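These notes concern the structure reproduced below.
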Amino acid sequence: MKERGPWKTLSEREVYSTPWISVSHHEVIDPSGAEGIYGVVHFRNLAVGVVPLDADGNTWIVGQYRYPTGTYSWEIPEGGGKRDVPPLDSAKRELREEAGIEAATWTEVLRMDLSNSASDEHAVIYVAQDLTFFEPEPDHDEELELRKLPFSELFGLVMRGELQDSLTVAAVLKVELMLREGTLRLQK
């Protein structure tokens with residue numbers, strides 16, 4: 001029996017697996033001492049997100065259909081990176097693939113757990129500056145739309161609840177705070 005904090009795991013078995021996730025069923029004793037069950041979604045990759053920001057305060061977001069929610073979503077460039085690859089390398093790859101952008105200056109702005117009540121998905125988010133532009137090279141299963149807009153407009157979309165992607169919301173709020181505090185500056 002493994003102890004994890006106040007929880008005791010009596011047994012654990014994988015019930016579903018894909019190249020991206022696995023789901024495990026756990027028989028547990030909860031903090032109150034009662035027996036119960038817990039399902040955990042394990043993400044094989046680390047989530048990475050990037051806020052590209054040019055010297056004029058513009059940014060780029062990516063639009064795509066998201067199958068799990070059945071909605072079209074506008075988001076910062078984001079994706080998954082292998083856990084044995086530095087997150088910055090994965091973020092650079094995602095920005096180049098999805099937006100056709102490379103950056104000379106990178107700042108890590110946020111690390112977060114995306115749904116820690118049911119999964120172990122972890123994210124790392126960056127700001128990319130000193131930008132160079134190329135043609136996007138999306139994955140074969142991605143149909144993306146790219147949109148340039150002032151960061152202030154993106155902030156407004158988040159504040160009005162028009163964008164709901166968790167990485168986007170967290171990243172935009174954090175970058176806005178850093179810009180206001182002066183801990184992040186536009187590269188001139």
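Throughout, read-outs are computed from the coordinates displayed, never taken from laboratory work. These figures come from a predicted structure and were not determined experimentally. Note that each Cβ is placed from the backbone with ideal geometry, even for glycine, and that neighbours are counted across all protein chains shown.
Among the listed pairs 8/92; 92/148; 8/174, which have their C-alpha atoms separated by more than 30 angstrom in this model? Over 30 Å Cα-Cα: 8/92; 8/174. Gain on full extension, evaluated as 0.36 nm per residue between residue 114 and residue 55 minus their Cα-Cα distance, stands at 18.2 nm.
Between the exposed loop cleavage positions of the chain, defined as chymotrypsin sites (Phe, Trp or Tyr not before Pro) in a non-H, G, I, E, B DSSP state with at most 12 neighbouring beta-carbon atoms within 10 angstrom, the longest gap is 21-133. Here segment 1-52 is treated as an ellipsoid with the same Cα gyration tensor; its semi-axes, largest first and in whole Å, are 28, 15, 8. Stretching the chain fully between residue 93 and residue 178 yields a gain of 28.2 nm (0.36 nm per residue, less the alpha carbon separation). Measuring nothing but how far apart in sequence close Cα pairs (under 8 Å, 6+ apart) lie, relative to its length, the chain scores a relative contact order of 21 percent.
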